[in-house]
1. Given an 8 Å cut-off on Cα distances and at least 6 residues of separation, report the relative contact order of the stretch 206-258 as a percent.
2. For Asp405, Asp43, give the ranking by accessible area with the largest first, probe 1.4 Å.
3. Nearest 500 deg cm²/dmol is fine: what mean residue ellipticity at 222 nm does the chain get from its DSSP H runs of n ≥ 4 alone, each adding -39,500 (n - 2.57), divided by its residue count?
4. For Ile485, Ile332, give the ranking by accessible area with the largest first, probe 1.4 Å.
5. Ordered by residue, what ³J(HN,Hα) values in Hz, to whole numbers, does the stretch 470-476 give under the Karplus form 6.51 cos²θ - 1.76 cosθ + 1.60, where θ = phi - 60° and Gly and Pro are x?
6. With an 8 Å Cα cut-off and a minimum separation of 6 or more residues, compute the relative contact order for the stretch 45-151 in percent.
7. Work out, step by step, the length gained on full extension between Lys483 and Asp28: first 0.36 nm times the residue separation, then minus their alpha carbon distance; give nm to one decimal.
8. Quick check: residue separation of Val127 and Ser67 times 0.36 nm, minus the Cα distance between them. What number comes out in nm?
Amino acid sequence: PTMAHSRALLVLENFIGGKFVPCSSYIDSYNPSTGDVYCRVPDSGKEEVEAAVKAAKDAFPIWSSKSPLERSQILKKLADLIEHDLEAFAQAESKDQGKTITFARTVDIPRAAHNFRFFASSILHHVTECTEMPSMGCVHYTSRAPVGVAGLISPWNLPLYLLTWKIAPAIACGNTVVAKPSEMTSVTAWMMCKLLEKAGVPPGVVNVVFGTGAKAGEALVCHPDVPLISFTGSTLTAQRITERSAPHCKRLSLELGGKNPAIIFDDADLSQCIPTTVRSSFANQGEICLCTSRIFVQRGIYSEFLKRFVAEAKKWKTGNPSDPSTDVGALISKEHLEKVRNYVKKAQAEGARVLCGEGVDPLALPPGNQKGYFMLPTVIVEVKDESCCMQEEIFGPVTCVVAFDTEEEVIQRANGVKYGLAATIWSSNVGRVHRVAHRLQSGLVWTNCWLVRDLNLPFGGMKASGIGREGAKDSYEFFTEVKTITIKH
């Protein structure tokens, strides 16, 4: 690119020890809705990670010795600052990630502020345990201490939302942090760094190193002074993290993919079920690990469900993410769009039918978005359970709808994938809801709703969907080291 061109681009810098530090090489990050380069992101590696870990280690003694209340007040201030700049953050997130401005405004950025506020509060309410042994003249109690430098690696689908979901509990518990956001969506993390000093976060407590997983992520995972890694992303990357961190016996929290079923019984309230299931299939372009991608409908209502579901899906408007009336924005990258489209092609090659969306309906885009990475909400039917479209995480606006007959059968089929993150059940029979919920291999089960979250409760998956849970108590346990102390009196 010409000098004039590169001057106009946003150039990010690593944030290490409370200062922005330039990098020797950079990677291009694209605006998915136009296909143009949007900013330049540091291509960090070992050296930068080394500097960030050192800064985090140096900041640890002072930060960890602050009282929970002092840390709580700083987290609350940071939440206020993010909220104050909500519109700027939302605009940047939408432009960088491709998601609609509406979704960024109502979901991503408010939740990022809430993450800090929530852990600012929860850190004040943990209690340790104590037991007595009068016969031995002993008292036992536990104490919890921060672990040290936390390595946090977050994905591109909910950039600030998932980064803060890690940073907030890590620093609330008294750890210091080296974070690596996705190289495809780094802008809001960089913007957040600008607010840290104003919030009262001491230098070195939060360090952000930008770059790829292969270089920056690898250096962070392999660093001997980072005892703990929290990662959200693909199962494949998690396997790599597990292997690389094993020699150091690191503590891992892994939140991975899903192939989430919705089970719709014939006594479901379709007026609630249809709009919610369309949302759970296509929200954020289907790029949420909790999205529904396999819809099992009881045979009695199958054709009615399908007719209404497709009609509703067709109403979703795909186009310019900055237009408030848009429902579906751009997918994250050209490569990802290609991958998602290939799944639809494979389904068709296997004899499945596409009822709406990709390759069936015309996609009309505004002039400025012709080169963007867009795809219509796509509904596939007549697909076999063993098809890759029913087994693998597609992570796009694609969902498969199949019929089932009995409760027993649908439980087996819903569990018949390697993942186990989230499931939804639609039924007005309370007994059935509890029975099915108990038998689904899934870390989260929603009934007659979707994505209603209480941050107090454990979040995470079974099987290939991950290891560990995060939430008020679970994050506290993950980000602290427990010690049992016995006193004989």
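The values are calculated or read from the model by the stated rules, or taken from the named source; none is laboratory data. Values in this document were obtained by computation on a predicted structure and should not be read as measured data. Quick reminder, even Gly has a Cβ in these numbers, built from the backbone with ideal geometry, and neighbours come from all protein chains shown. Just so you know, the surface numbers come from the protein's heavy atoms only, side chains and all, with ligands and any DNA or RNA stripped out. Shrake-Rupley method; radii C 1.70, N 1.55, O 1.52, S 1.80 Å.
1. Details: 48 pairs, mean separation 20.3, N = 53.
After rounding, I find 38 percent.
2. Numbers: Asp405 75, Asp43 30 Å².
The ordering from most to least exposed comes out as Asp405, Asp43.
3. -11500 deg cm²/dmol
4. Values: Ile485 45, Ile332 10 Å².
Final ranking, largest accessible area leading: Ile485, Ile332.
5. Ordered by residue, 3J(HN,Hα) equals 10, x, 3, 6, 5, 5, 4 Hz.
6. Details: 75 pairs, mean separation 31.5, N = 107.
Relative contact order for the stretch 45-151 comes out at 29 percent.
7. On the way: separation 455, 0.36 × 455 = 163.80 nm, distance 4.60 nm.
That works out to 159.2 nm of additional length.
8. Going from the current span to full extension adds 20.2 nm.
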